[in-house]
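Let me begin by presenting the structure, written as structure tokens, before commenting on it.
The values are calculated or read from the model by the stated rules, or taken from the named source; none is laboratory data. From a predicted model like this one, the values you see are computed outputs, not experimental measurements. We work out accessible area using only protein heavy atoms, side chains counted, and drop any ligands, DNA or RNA first. Shrake-Rupley method; radii C 1.70, N 1.55, O 1.52, S 1.80 Å.
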Amino acid sequence: MKCRKCTEQLEVLRQCNRIRLRCTGCNKEYQIHEVASDLDEETEKLLERYTVLIYD
Ligand SMILES: [Zn+2]
């Protein structure tokens, strides 16, 4: 999915047991709940994978 500020791609960032989305353009970090309503299918799948890792 795209950054709200600069429209660059967001990447999933794992920090200890927290997950953030970070923009590859402006480096802005989003908490998942901030962008939950905008998550696309691709990003949701990525997040599912990370969630499994964390709770395993
Ligand atoms: Zn950005």
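Numerical summary
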read-out	value
Share of carbon and sulfur in the accessible heavy-atom surface of the chain [1.4 Å probe, %]	45 percent
The chain: Cα Rg divided by the 2.2 N^0.38 Å rule of thumb	1.07
Residue-normalised accessible area of the chain, expressed per residue, 1.4 Å probe, Å²	73 Å²
